[in-house]
């Protein structure tokens with residue numbers, strides 16, 4: 001049930017971000033709202049690794065479908081981010097807001113840089129290569145900052161959702 005709730009929250013965040021982008025120009029400040037969910041699932045030891053990888057896969061697939069990138073790039077980055085977060089196993093991440101923001105910023109830069117590198121590798125070569133690298137790095141930095149600043153709010157929503165679903169499950173199993 002928690003898996004479906006996390007995936008539904010991720011889908012709702014993507015829809016909200018898409019709807020907001022039609023009203024407000026956020027191109028260079030476009031956050032990756034699914035990254036905090038992937039990190040949360042990765043550091044949450046109560047979620048089994050197979051289930052967490054599946055959640056990360058589905059969220060990455062949704063991001064691929066929404067942003068129009070080649071299928072599989074965001075999915076790969078999402079699952080890789082989950083694996084890195086799981087292997088790090090940082091328990092402090094779930095407790096300190098400042099640490100959450102800093103770590104999400106760092107992971108966002110790494111994930112975004114990896115995405116840019118993969119796109120550069122697999123992109124067809126144009127006869128006149130464009131010099132958009134300063135623009136790409138500025139967009140990467142700005143979107144990482146916005147993602148990091150929104151992380152505490154997403155984590156609060158994830159904690160409340162987890163607590164609510166856990167409480168519902170406990171009440172249902174405690175009935176005579």
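The values are calculated or read from the model by the stated rules, or taken from the named source; none is laboratory data. Model, not experiment: these values are computed from the prediction. Because the Cβ atoms are built from the backbone with ideal geometry, glycine has one as well, and the counts that use them run over all protein chains shown.
The residue of the stretch 62-75 that is modelled with the highest pLDDT, among those that are part of a helix (DSSP H, G or I) and surrounded by fewer than 16 Cβ atoms within 10 Å (Cβ to Cβ), is 65. Exactly one residue among 16, 54, 9 is surrounded by fewer than 13 Cβ atoms within 10 Å (Cβ to Cβ) and farther than 19 Å from residue 110 by Cα, and that residue is 16. Cβ-Cβ contacts under 8 Å between residues 6 or more apart (or on different chains), taken from a first residue in the stretch 80-102 that is within 21 Å of residue 56 (Cα to Cα) to a second residue that is at pLDDT 75 or above and not in a helix (DSSP H, G or I), are listed as 89/45; 91/45; 94/44. Among the residues of the stretch 92-137, how many are surrounded by fewer than 12 Cβ atoms within 10 Å (Cβ to Cβ), at pLDDT below 75 and in contact with a helix residue (DSSP H, G or I) (Cβ under 7 Å, 6 or more places away or on another chain)? Residues flagged as surrounded by fewer than 12 Cβ atoms within 10 Å (Cβ to Cβ), at pLDDT below 75 and in contact with a helix residue (DSSP H, G or I) (Cβ under 7 Å, 6 or more places away or on another chain) within the stretch 92-137 amount to 1.
Tally time: how many residues in the stretch 15-49 are closer than 27 Å to residue 88 by Cα and not in a loop (DSSP other than H, G, I, E, B)?
First, pick out the residues of the stretch 15-49 that are closer than 27 Å to residue 88 by Cα: 30-49.
Subset that is not in a loop (DSSP other than H, G, I, E, B): 34-43, 49.
Here the count works out to 11.
Taking residue 9, is it touching a helix residue (DSSP H, G or I) at 6+ places or on another chain (Cβ under 8 Å) and closer than 23 Å to residue 113 by Cβ? Full working, then the answer.
Values: touching a helix residue (DSSP H, G or I) at 6+ places or on another chain (Cβ under 8 Å): yes; closer than 23 Å to residue 113 by Cβ: no.
So residue 9 fails the test.
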